[in-house]
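> I am attaching a structure below and will ask some questions about it afterwards.
FYI, it's all coordinate maths here, none of it is from the lab. These numbers were taken from a predicted model, which means no experiment stands behind them. We place every Cβ from the backbone using ideal geometry, glycine too, and count neighbours over all the protein chains shown.
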């Protein structure tokens, strides 16, 4: 068996000016765990593996500390963020290759002598494939065609057990504290994003105006509520921050609460005052929820209760 028969032809490759984030994406998608770096003639000049990329990763923020792998097991993998490095800075060179005609014994000797798990295969100088150590070992185990004197002694050094990289409870407490700091930072970021969305919604509502169609729909819903035996109907619900005082006058209650309304709620109140108040309808404002003990949403209710 020779390299051409054993090699895989499906692999990505890049030139030395490729972006590291692009290389990281290729590595995450390829099966052989390596991306070769080639020149303009497609000759291999280096290789990049995940360990190369780890050396180029931007340093972790000192205030958070490093989060251990077992705490991040179920989290979405973060986007690779390279530090101030280029591909040529971190790739392994030279790229030790074998020709397509290399015999199995020769491939094994090259990989053993250079401690390679993968080796580029070249046709002349052009990269055409990769041979993997595990497949070389499998071919030797299955073939048995080599004389015993020519069979290379290949081995993959087993990793020493590393069940625990820290040795004291204090270090474990440090890992837990780092994890909690990370969670807290994420909670703060989520709250910031929610607050920004809410502020934008309030700005949009403050600029919005009640249309005739919306007013007709409100009155139609009020009529349906009366037909169902009810004495009031919610006209509009809105964040209490839409009020100029954050809803405090409504919550007090203060008779001057209508003066704090903005946007559509202010238009609803004016339509009630001009069209419905002369016909005997009443209106009321109320804070209808209190998230974390603070005024949340407010609402305006149209009321027609009492004797006809």
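> Quick one: if the Förster radius is 41 Å, what FRET efficiency do residue 142 and residue 29 give, using the C-beta to C-beta distance and rounding to 0.05? Intermediate values should be presented prior to the final figure.
Details: r = 29 Å, r/R0 = 0.71.
FRET efficiency, residue 142 to residue 29: 0.90.
> Calculate, for residue 203 and residue 183, the FRET efficiency according to 1/(1 + (r/R0)^6) with r their C-beta to C-beta distance and R0 41 Å; round to the nearest 0.05.
Values: r = 31 Å, r/R0 = 0.75.
The formula returns an efficiency of 0.85 here.
> Fewest Cβ neighbours within 10 Å first, please rank 218, 91, 303 accordingly. If you can, show how the numbers build up before the last one.
Values: 218 20, 91 23, 303 14.
Lowest count first: 303, 218, 91.
> P(r) for the range 161-207, please, calculated from all Cα pair distances in 10 Å bins and given in %.
Whole-percent P(r) values from 0 Å outward: 23, 25, 19, 16, 11, 6, 0.
> Moving on. Counting alpha carbon pairs within less than 8 Å and at least 6 residues apart, what relative contact order, in whole percent, applies to the range 212-303?
Values: 120 pairs, mean separation 31.0, N = 92.
Relative contact order here is 34 percent.
> Can you sort 4, 270 from fewest to most other Cβ atoms within 10 Å of each residue's own Cβ?
Values: 4 16, 270 13.
Ascending number of Cβ neighbours within 10 Å: 270, 4.
> To make sure I understand, if each residue's beta carbon is the centre and we count other beta carbons within 10 Å, what order do 14, 136 fall in, fewest to most? Don't jump to the answer; show the numbers that get you there.
Numbers: 14 19, 136 25.
Fewest-to-most Cβ neighbours within 10 Å comes out as 14, 136.
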